[in-house]
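The values are calculated or read from the model by the stated rules, or taken from the named source; none is laboratory data. The model shown is predicted, which means the values in this text are computed figures rather than measured ones. Because the Cβ atoms are built from the backbone with ideal geometry, glycine has one as well, and the counts that use them run over all protein chains shown. Protein only, heavy atoms only, side chains kept; ligands, DNA and RNA dropped before computing areas. Shrake-Rupley method; radii C 1.70, N 1.55, O 1.52, S 1.80 Å.
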Amino acid sequence: MLKAFIFSLIFFIFISCNKGSQHEPREVKTLYFKGSVTNGIDYYCGERQGVTKGYTQDDITKYGAITCVYSPITFKLGSLYLGKVSSIKDQQNIYPQTLIPSFDGDFNNKSLLKIAILLQSLDDKKHTEYINISQKTKDKITLKSLDGISIENLYTEIRKMGFTPIDAVEAKLHLILNSENTNIGKPKIKPFEEDISSSLMVGNSIGQLSIDAGDGTLHYPFILEGEGEDFFLLNNQGKLILTKMIDDIKDFNLTVTASNEYGYSTQTVKIHVQNSGKIGKVQMGRLKNATVKLFKLNPLGTKDLIGSTTTKSIGSLNQIGNFDLMSEELEDNDFYIYEVTEGIDIDSNDDGIKDEITTKNLGKLRLLTKGIWIKNAMHKIRITPLSEILYTYVENLPYSELEEQLHHHATLLLKESLNRDYKVDAKDITLFNPLYHKKLLTSTLTYNNTYQNIVNKIRAGDQSYKKDIFTAYIVDSYQSNAIEIVGSTVYTIDMMKSGEFRIYDLETKKLIGKLKLPNTPVEEDSHVIYVNLLDNEVRISSLRSWAYNVNIKNQNKLLLVDNPFIIYASISGNFSRLAIGDSLLGNLFSKEKKTYFYNFDLNLNDETRKIKVIKSTLENSEYLYNLNSELSRIDSLWSYKNYLYIIGDNKINIFQEKDKKM
């Protein structure tokens, strides 16, 4: 009886001890602690305990090795608890984030960062391929738990141990780059491939990489690796810059890595060095097999053909449209025209993706530039619809005015400079990249999708795009029919509603002061304003029958000074033929029996946006209407059929006349 009881007890103990083996086979599993690989972490699993260390098999040594039979595995540094893993499998990789039950892919997790900072800070720095934490170091640890301690206080504890703490940002980046890369929120990088000239100078930009932040915030700097990486610098804006002269004709195959709090991405960067002059690019999106002709512009307006070439038709999308600028043929102070015709557009919507159905180019793109601008450019020269727009503005100007007018008209196209001088000029137009810079176009080109409409018309060979170029759009508005701007102050009259003279702050648009004018409003009336700050006086003159002087010494409290006096304008006669002239009252332009008055009272330096239109015959003069030119100054007019061309502010506004209205 006693023997049977003892036997039953032994059998029960045996079964109980082996109960776990029904679910977890009794076999040794090898795991590795990574992120990065770490030796010296204490671990406990069932009856086993050990320290992560190097493990050699078949002459290959792996570090951070763990050998266990059963889970869970508890990890410590000395007596300091780090965390545990509930289930394991052979050849599993353990990362610091594996120890954090709440880890959701965000490497900003504070508990995770504390483990990463501690492990990286306590490294003995004797091994480049792994972190090693010695027993001597672990004996200095007095912390009992990482729970509840701030990162700043952790820094303090690490310093007490005689170590320099690793910054949290650096520790996070190190951890990301040494962890499994499976998170969907990581950055997105497009492959980059470009041709460069062997004569490219140090400091020149090779191109712009497309690096999207994904769902997080990009970590800087980006990492550029590969043979020849020391020839290049990738800045935080994704621009690839040459740092050393390249003597050989060769190819560079590099990789770029970008990371955020969710992971990292790696992409290829290929650079092809060619034996040529500077390389330019035709971009309407991307034109392949286009003909590029280089002309020298002579002072009398004639052109001499210097050479011709075709744009590249093979390679990556970034290489399509490349061509030799023939920069060795350029003289510094001469003007040149690059003219692009024909070719096939393979990215018509400028989205950086090849079109499934390509589009034939029936139009013409031109770039007017000085030789020195090409030679000194730090970025790739691009011929684009924007360069064609600038060319159209100045193509009929005298040679002596080209440089000044190119620079001036460039300010009408771009809001910000694209080079290092921080001022918009014609050199910026040569650097315009539609993939990245459309947001810098002025409102005239962004309003109602104007720029893309012009691109489509140029590609189709539709010459009416020039009308779109010279169309101005309202981007700001005051309720007024007279205005003068001095410094940062706007002086205006509201003759539509209140009949008030008003002063506004130009920047804030806030009303500073106002004054009700007698006998106003008169809706159809027009006025001019003359501001004399020396005498603190504003003269407001009607083109009908009255004028006022207003004291503006205290702009919050305006005072009417003088009684009204008569001022008027009149015209008579037959203007069936062309007539252009001016008088003390203002300028006039007459054609087809109509007279247009503008810039009234020029002798008083007054200006107006209004144009007064009168129909003149042999018998009488009939007042028709007032026209708002939408320009702050009018320099000249021209009438043709049913269209009125108004020139001012270096723009041409085109109005169509219908039913006595514009």
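Computing FRET efficiency as 1/(1 + (r/R0)^6) for residue 243 and residue 416, where r is the C-beta to C-beta distance and R0 is 25 Å, gives about 0.45. Computed from the C-beta positions of residue 149 and residue 190, the FRET efficiency with R₀ = 35 Å rounds to 0.25. Its alpha carbons considered, the stretch 294-426 gives a radius of gyration followed by a Dmax of 15.5, 46 Å.
Size descriptors for the stretch 72-142, from the alpha-carbon set: Rg then Dmax equal 13.0, 34 Å. Placing a pseudo-label 7 Å from each Cα along the Cα-to-Cβ vector at residue 645 and residue 407 gives an inter-label distance of 2.7 nm. Taking Cβ atoms as reference points and 12 Å as the exclusive limit, the residues near residue 226 contribute a net charge of -4, counting Lys and Arg as +1 and Asp and Glu as -1.
Can you tell me the length gained on complete extension of the stretch residue 217 to residue 464, counting 0.36 nm per residue apart and subtracting the Cα distance?
Taking residue 217 through residue 464 to full extension adds about 84.4 nm, to one decimal.
Residue separation of residue 485 and residue 156 scaled by 0.36 nm, minus their Cα-Cα distance, works out to 112.4 nm of gained length.
Residues whose amide H comes within less than 5 Å of that of residue 489, counting only those at least five positions distant or on another chain, are 506 (H built at 1.01 Å from N in the peptide plane). Taking 107, 655 and ordering them by how much accessible surface each has at a 1.4 Å probe, largest first, produces 655, 107. So if we plug the beta-carbon distance of residue 210 and residue 110 into 1/(1 + (r/R0)^6) with R0 = 45 Å, what FRET efficiency do we get, rounded to 0.05? FRET efficiency, residue 210 to residue 110: 0.90. Using a cut-off of 23 Å between Cα atoms, the listed pairs 380/427; 34/114; 427/457; 354/438; 509/553 include 427/457 as exceeding that distance.
Based on alpha carbons, the Rg and Dmax found for the stretch 358-435 are 12.6, 41 Å.
Here the stretch 373-396 is scanned for amide nitrogen atoms under 20 Å from the site 7 Å beyond the Cα of residue 332 along Cα-to-Cβ, giving 373-379.
List, in the order given, every pair from 239/415; 62/160; 293/423; 250/312; 497/612 whose Cα-Cα distance in the structure shown is over 23 Å. With Cα atoms farther than 23 Å apart: 62/160; 293/423. Residues whose amide H comes within less than 5 Å of that of residue 343, counting only those at least five positions distant or on another chain, are 291, 361 (H built at 1.01 Å from N in the peptide plane).
Computed 3J(HN,Hα) for the stretch 239-255, one whole-Hz value per residue from the Karplus formula 6.51 cos²θ - 1.76 cosθ + 1.60 where θ = phi - 60°, is 7, 9, 10, 6, 10, 9, 5, 10, 8, 9, 8, 7, 10, 10, 10, 10, 10, glycine and proline marked x.
Across the stretch 150-158, coupling constants 3J(HN,Hα) worked out from phi with the 6.51/-1.76/1.60 Karplus curve, θ = phi - 60°, read 7, 5, 4, 5, 5, 3, 4, 5, 5 Hz, and Gly and Pro carry x.
Taking amide H as placed 1.01 Å from N in the peptide plane, the amide H of residue 210 sits under 5 Å from that of 190, each at least 5 places away or on another chain. The listed residues 326, 378, 201, 245, once ranked by accessible area (1.4 Å probe) with the largest placed first, stand as 201, 245, 378, 326.
For the Cα trace of the stretch 227-312, dividing Rg by the Kirkwood Rh returns an Rg/Rh value of 1.12.
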